[in-house]
1. Decide, for segment 24-117, between rounded, prolate and oblate: order the square roots of the alpha carbon gyration tensor eigenvalues as a ≥ b ≥ c, take rounded if a/c falls under 1.5, and otherwise choose prolate if a/b is larger than b/c, else oblate.
2. Lys and Arg at +1, Asp and Glu at -1: add these up for the other residues within a Cβ distance under 15 Å of ARG20 and post the number.
3. Is the C-alpha gyration tensor of segment 157-261 telling us rounded, prolate or oblate? Criteria: a/c under 1.5 is rounded; beyond that, a/b larger than b/c is prolate, otherwise oblate.
4. Run the simple label-point estimate for ARG252 and TRP36 please: 7 Å along Cα→C-beta, distance reported in nm.
5. Would you work out which of PRO94, GLY43, MET168 lies farthest towards the positive end of the dipole of the chain? Charges go on Cβ: Lys and Arg +1, Asp and Glu -1.
6. Quick one: which of 289-296, 137-144 comes out on top by average Cβ neighbours within 10 Å, and what's the full order, highest first?
7. What FRET efficiency comes out for SER191 versus GLU231 if R0 is 22 angstrom and r is the Cβ-Cβ distance? Round to the nearest 0.05.
8. Please identify which residues in segment 115-138 have an amide N closer than 12 Å to a label point set 7 Å out from the Cα of ALA145, following the Cα→Cβ vector.
Amino acid sequence: MVEILFTVSEEVRAAIAGGRAVVALESTLLAHGLPWPENLEVGRAAEAAVRAEGAVPATVAVLRGALTIGVDGAALERIARGEFVKAGQADLAPAVATGRDAATTVSATAFAAARAGIALFATGGIGGVHRGDTGDVSSDLATLAREPVTVVSAGAKAVLDLPRTVEMLETLGVLVLGYGTSEFPAFYTRSSGIPLEHRVDDPAGAAAVILARRALGDRGGVLIVNPIPAEDALDTGEIREAISAALASAARGGIGGKALTPHLLASVARATGGKSLAANRALVLNNCRIAARIAVALAGV
Ligand code: PSU
Ligand code: MN
């Protein structure tokens with residue numbers, strides 16, 4: 001029963017068994033973070049970016065109750081078109097028990113990757129501590145603290161409270177590694193002004209830290225923060241205004257819970273005339289490339 005409900009594609013299974021490089025990819029950013037049809041194009045381009053670096057992509061989703069590691073092209077299109085609910089780690093069991101379709105967030109995907117033995121996972125930006133005093137903190141943070149997976153992201157989404165998100169990561173014992181930076185990146189822009197203690201500058205450096213953490217017996221996760229490429233970054237002033245407008249519209253509409261992050265991303269896209277979507281696409285693909293290179297470096301040792 002459990003075997004049937006936890007499905008690993010043939011290609012991914014063979015790559016894991018052969019010790020080859022695999023990169024997990026999430027599906028919530030497609031189902032709830034980007035509009036149709038750009039989301040399908042980004043999903044395909046993300047898989048292609050991983051392959052171009054010599055690793056095997058494994059997009060994760062719950063398909064009719066089966067937690068699937070390595071969805072096929074038809075399923076990718078269903079995720080992008082479909083009415084998939086958004087599932088964090090805790091939502092997986094209900095989705096499986098009721099045979100539903102669900103898109104996996106960073107927390108659900110990191111959990112699934114760890115179960116399958118996949119060490120690297122690429123996304124856009126992790127969830128974190130929302131602004132204000134609602135107490136809304138993404139389960140991404142707690143899952144990262146528990147699961148032995150390395151997530152490559154462009155920081156946390158800029159709509160969040162970044163200083164508090166970084167503090168929370170520290171409290172939870174998540175190692176945050178700057179990739180070619182000594183600052184926590186701000187998703188659409190390269191810098192947040194929040195200093196980082198640890199950095200690496202190439203895939204081999206990242207692999208060495210991941211291996212040292214394993215050798216020490218530390219089973220927690222690692223967050224590698226990889227700034228958006230300079231040529232794709234948005235103007236700091238413009239994005240600040242777009243985020244303020246998005247937060248105000250969420251407050252007016254009484255939007256909270258799971259709907260909040262998708263609402264904020266969609267209003268930022270409207271306010272920037274779609275520029276934030278182009279930036280989101282660019283940073284996701286950049287993270288896929290770096291995650292794949294690190295996975296290849298890890299597989300080579
Ligand atoms: N990265 C993106 N866009 C997204 C997300 C990440 O570029 O939409 C998703 C991830 O799935 C992340 C989720 O786990 O947003 C966080 O949602 P929440 O704040 O509700 O936990
Ligand atoms: Mn939340």
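1. oblate
2. 0
3. Oblate.
4. 2.7
5. Highest projection toward the positive end goes to PRO94.
6. 289-296, 137-144
7. After rounding to 0.05, the efficiency reads 0.90.
8. 138
Each reported figure results from applying straightforward, stated rules to the coordinates on display, with no laboratory input. The shown structure was predicted, so the numbers you read here are calculated from the model rather than taken from an experiment. Neighbour counts are summed over all protein chains in view; Cβ atoms, including those assigned to glycine, are modelled from backbone coordinates with ideal geometry.
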